[in-house]
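Just so it is clear, none of the values below were taken in a lab; they were calculated from the coordinates. All figures in this text were calculated on a predicted structure; none of them were measured in a lab. Please note: Cβ atoms are built from the backbone with ideal geometry, for glycine as well, and neighbour counts cover all protein chains shown.
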Amino acid sequence: MTEDEFDALYAAAFPRLTGQLYAFTGDLGEAQDVVQEAFVRAWDRRRSLLADAAPEAWVRTVAMRLAVSRWRRARRRLELMRSTPPSATVPGPGPERAALVTALRRLPEAQRLAVVLHHLCDLTVEQVASQTGAPVGTVKTRLARGRAALARHLAVDEPAGAARRERGRVG
């Protein structure tokens, strides 16, 4: 089968096969995917398809088998998910984490990115500079300003906490 003959087969059969597989799978996207994959496999053996009396039937058979195979894999995954007990619930973030996230949101984006990459992702200043495209000196400035701003934002609740601790010592 020449490339032109294969193209003609594809143009004529793809819509028809997609409709058939859509009826079989009930999912248009899945139908298009398996028919496309079947045509890719047909392309690899296009020379022997010429000898086949019905190349469209071959493509249809391959597409149906692919659809069934995908369905079986999806069913096995679902069964595995159902048989595996859910993991223990993870407690939500504590008040310290919520305060940190709130404080980080108040930083300018460039400072926030530098602080997160350096302090939370453990990247070096040079790596932060490489990832952000900023000079090393600029990253250092952003980190210094970001840390200072975070300290101000997080210290808002500190005096009340310190006063409570002091009262606890006196009483």
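Results, tabulated for the structure shown:
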read-out	value
Cβ-derived FRET efficiency at R0 30 Å, Val90 paired with Val116, nearest 0.05	0.90
Cα gyration tensor shape of segment 38-113, rounded if a/c is under 1.5, else prolate or oblate by comparing a/b with b/c	oblate
Structure-based [θ]222 nm, the chain - -39500 (n - 2.57) summed over DSSP H runs of at least 4, per residue, nearest 500	-25000 deg cm²/dmol
Selected from Pro86, Ala103, Leu154, residue furthest toward positive end of dipole (the chain; charges at beta carbon)	Leu154
Size of electric dipole in the chain: Cβ of Lys, Arg +1 and of Asp, Glu -1, about Cα centre, debye, nearest 20	1200 debye
Computed Rg/Rh of the chain, alpha carbon atoms with Kirkwood Rh	1.36
Rounded if a/c under 1.5, otherwise prolate or oblate - segment 3-83, Cα gyration tensor axes	prolate
Net lengthening on full extension, Ala155/Arg75 (0.36 nm per residue, minus Cα-Cα)	23.5 nm
